[in-house]
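The values are calculated or read from the model by the stated rules, or taken from the named source; none is laboratory data. Since we're looking at a predicted model, the values are computed, not measured. Every residue, glycine among them, receives a Cβ derived from its backbone with ideal geometry; neighbour counts consider all protein chains shown. Remember, those area values only see protein heavy atoms, side chains included, never the ligands or the DNA or RNA. Shrake-Rupley method; radii C 1.70, N 1.55, O 1.52, S 1.80 Å.
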Amino acid sequence: MKKAKPPVAAEELTPDRAETELARLAKAIRRHDRLYHQLDAPEISDAEYDALVQRHRAIEALFPDLVRPDSPSQGVGAPPATGFAKVRHASPMLSLDNAFEEADAREFEARVRRFLNLAPEEQVAVVAEPKIDGLAAALRYENGRFVSGATRGDGLVGEDVTANLRTIADIPATLRGKDWPPALEVRGEVHMRHADFETLNEEREAEGLAVFANPRNAAAGSVRQLDPNVTAGRTLHFFAYALGGEAAGPWQTHREFLDQLKRWGFQVNPMARSLPDLDGALAYYEDIAARRAELPYDIDGVVYKVNRIDWQSRLGFVSRAPRWAIAHKFPPQQAVTIVRDIVVQVGRTGTLTPVAELQPVTVGGVVVARATLHNEDEIRRKDIRKGDHVVIQRAGDVIPQVVSVVLSKRQKNSEPFKFRDDCPICHSRAVREPGQAAWRCSGGLVCPAQAALRLRHFVARGAFDIEGLGGKHIEAFHRDGLIGSPADIFRLKEKASQLIEREGWGEQSAANLIQAIEARRRISLDRFIYALGIPQVGEATARLLAKNYGTLEAWTAAMTEAQDPDSPAYHELDAISGIGPAVAADLLAFFAEAHNRDALADLGKVGVEVEPYRVTAVQSPVSGKTIVFTGTLQTMGRGEAKAKAESLGAKVAESVSKKTDYVVAGADSGSKARKAAELGVAVLSEEDWLKLAR
Ligand code: IVH
């Protein structure tokens with residue numbers, strides 16, 4: 001790897017400069033810890049991170065006086081994120097020291113020998129196993145039952161993710177057998193397999209969500225979810241590898257402990273091996289490195305652990321890592337090559353992803369010719385340009401990434417990359433909403449890159465819900481030119497003869513399908529809006545819009561008028577509670593495209609009838625009224641008040657306009673109450689509201 005050369009070798013630093021340098025490195029390490037551990041969004045490669053840590057450590061070793069109590073070398077990772085209860089670990093959750101070269105691994109053994117004062121003929125047997133690139137978790141069992149689970153956090157205090165860990169099949173809810181201690185803490189690595197990672201990202205793409213950069217981030221993001229149902233929907237695995245808390249048990253070797261874990265019902269990496277000495281361990285390392293690409297999950301090295309537990313106890317720990325274990329890392333799979341071009345790909349959901357076309361180069365045995373550049377900000381941050389020499393890396397073996405630009409080789413006439421504002425496939429306008437990383441093509445219904453997925457969505461449950469017309473049929477019909485746009489689905493009956501001739505189809509099945517399509521010619525407004533597949537307009541938002549505008553005609557007229565941000569229609573859209581500026585921007589971008597308006601009109605032409613939204617027949621003094629809440633209510637929160645109003649058939653808006661019927665003013669209500677007075681809108685006290693809402 002091409003590392004930025006440190007300006008001055010650690011040995012040559014003056015104490016003053018060493019202090020400044022340590023402060024700079026500590027700040028960077030802390031920032032990257034936070035990005036990696038809390039936000040699951042690392043900005044640099046593991047190798048770059050390791051280089052920062054190594055330099056920091058080298059300087060601290062030379063200037064021990066400068067080691068501050070808050071130095072990154074004194075703790076692991078980052079303090080726990082907010083949103084989860086905190087758990088203090090029974091014993092610190094440590095990290096491992098790294099060996100990057102064979103010599104480092106040999107030095108590990110030599111250190112062990114020196115520390116234990118072993119005779120030359122005594123061998124240091126180790127257990128070696130792959131180092132899983134996942135997220136460490138500590139599981140607490142009481143009387144054989146899983147009672148709590150935590151992430152590592154800063155090593156001392158982690159996040160309580162018990163509910164999420166319970167959804168992982170590899171984590172036993174109760175231990176098998178009887179020979180478990182009354183309290184037990186098992187540590188291991190939660191991880192996601194490549195196949196599950198790819199499926200998850202495909203699903204996220206289809207829903208218009210940001211994809212995860214690698215399986216580690218996906219696993220960490222899944223475990224650190226506030227809603228355990230989300231975690232339950234992800235397929236995660238867990239390998240147990242260590243004991244936490246006060247280490248004590250009848251087993252004399254680490255191998256015996258691993259076998260015990262298996263008997264209790266844990267998954268232990270089947271590739272874990274007992275090896276007689278370091279030479280055996282190094283041979284194992286080579287073997288695993290050669291098999292790395294075939295494994296179903298990411299690994300970034302091999303961990304060696306001294307097998308004898310009595311030796312482990314004697315060896316103990318240095319500040320952040322045990323003396324009895326080391327991670328022998330694989331060399332980063334990096335190479336330098338040239339960016340031939342930067343092209344923009346259109347995903348099936350309309351996300352525009354910049355991709356670097358590279359001069360093909362072999363990285364870790366695989367030829368890499370393309371690398372994702374993720375999004376506009378990422379290109380700008382790394383300032384990647386056409387013609388640049390770049391360091392590329394296979395991140396966790398999955399997607400090649402550009403790590404950095406070799407600036408010294410940049411051509412003089414190179415120019416920063418400019419993101420184009422149209423779709424390279426259908427030439428509809430591309431938009432990037434505030435707060436979003438990705439540009440998107442707004443030609444949803446017409447863009448060939450997106451058509452198949454949009455059509456699948458159009459007929460899916462919650463949308464047109466056409467029985468017997470599944471995703472596979474849609475894909476095949478689209479591929480063979482039977483359908484290109486949503487309205488074409490309703491024209492299928494004109495192509496009945498072509499349908500009948502298709503493999504696997506006959507008169508009856510074609511007739512059934514056509515009947516199922518006919519049955520759906522009438523549709524409610526909310527389903528219709530949802531079916532259009534406008535980014536960020538899910539079922540709930542579609543219902544909100546339907547409720548607010550009532551009919552298709554009113555909605556389309558309002559969306560057309562709202563293109564002008566000064567129009568009353570825009571203000572009305574903006575005032576709908578639950579529709580933020582980003583959703584409004586997506587809606588307007590959809591209607592700004594003539595193709596999309598044509599596709600809507602076409603649906604009318606083929607006889608799709610959109611029923612007006614039926615307000616549920618709640619009869620209450622506020623049904624059909626528009627209410628704005630302002631100030632602090634004493635008896636209920638804003639959310640509850642809003643839900644109550646909606647359940648009584650009212651619409652809740654965020655801002656006051658002539659259309660507002662009531663403003664409910666709690667304590668400290670400011671400008672909204674004043675505006676209501678100006679417009680002559682009735683202002684209710686909280687008491688008045690409670691009477692109305694009884
Ligand atoms: S043993 C006392 N074994 O790598 C330390 N760790 O970079 C016990 N890791 O903190 C750790 N695979 O989160 C061990 N087979 C394995 C591992 C493993 C992944 C993680 C673990 C550790 C980190 C250090």
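Tabulated data for the structure shown
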quantity: Rounded accessible area per residue of region 11-60, 1.4 Å, Å²; calculated: 54
quantity: Trypsin sites (Lys or Arg not before Pro) within region 115-184: DSSP coil, no more than 11 neighbouring Cβ in 10 Å; calculated: K178
quantity: Radius of gyration and Dmax over the Cα atoms of region 329-476, both given in Å; calculated: 18.5, 61
quantity: Whole-Å distance, taken between Cα centres, linking region 98-121 and region 259-278; calculated: 23
quantity: Under 13 Å, Cβ to Cβ, from A601 - net charge with Lys/Arg +1 and Asp/Glu -1; calculated: -2
quantity: Nearest 10 degrees, 0 to 90: helix 507-518 Cα axis against the chain principal axis; calculated: 70
quantity: Percent accessible area from carbon and sulfur atoms, region 633-694, protein chains only, probe 1.4 Å; calculated: 49
quantity: Virtual paramagnetic centre 7 Å along Cα→Cβ of Q634, amide N under 16 Å, in region 656-691; calculated: 665-669, 684-691
quantity: Within straight-line cross-link reach of K495, lysines at Cα separation under 26 Å, skipping those fewer than 8 residues along the same chain; calculated: K472, K605
quantity: GluC sites (Glu not before Pro) restricted to DSSP loop in region 76-160 with at most 11 other C-beta within 10 Å; calculated: E101, E121, E122
quantity: Under 26 Å from K675, Cα to Cα: lysines that are on another chain or at least 8 residues apart; calculated: K547, K625, K642, K644, K651, K658, K659, K691
quantity: The chain: angle of helix 539-549 to the longest principal axis, Cα-based, in degrees nearest 10; calculated: 30
quantity: Share of carbon and sulfur in the accessible heavy-atom surface of region 287-354 [1.4 Å probe, %]; calculated: 52
quantity: Within the chain, helix-based [θ] at 222 nm, where runs of 4 or more DSSP H residues each add -39,500 (n - 2.57), nearest 500; calculated: -10500 deg cm²/dmol
quantity: Partnerless cysteines, meaning none of the other Cys C-beta atoms lie under 4.7 Å away, in the chain; calculated: none
quantity: Per-residue HN-Hα couplings for region 251-262 [Karplus 6.51, -1.76, 1.60; θ = phi - 60°; Hz; x = Gly/Pro]; calculated: 6, 9, 10, 4, 4, 4, 4, 4, 5, 5, 4, 5
quantity: Residues whose placed amide H lies under 5 Å from that of F629, excluding near-sequence neighbours; calculated: A653, V664
quantity: FRET efficiency estimate (nearest 0.05) - Cβ-Cβ, D170 to R597, R0 45 angstrom; calculated: 0.30
quantity: Net charge, S524 excluded, C-beta distance under 12 Å - Lys, Arg +1, Asp, Glu -1; calculated: +1
quantity: Per principal axis, descending, Cα span of the chain in whole Å; calculated: 89, 66, 61
quantity: Within-14-Å neighbourhood charge of D341 [Cβ basis; K, R +1; D, E -1]; calculated: +3
quantity: Anchor K409: lysines whose Cα lies under 28 Å away (excluding residues fewer than 8 positions away in-chain); calculated: K2, K3, K5, K382, K386, K418
quantity: R0 of 30 Å, Cβ-Cβ distance D279-V67: FRET efficiency to nearest 0.05; calculated: 0.25
quantity: All-pairs Cα distance distribution in region 153-195, expressed in whole percent, bin size 10 Å; calculated: 17, 48, 30, 5
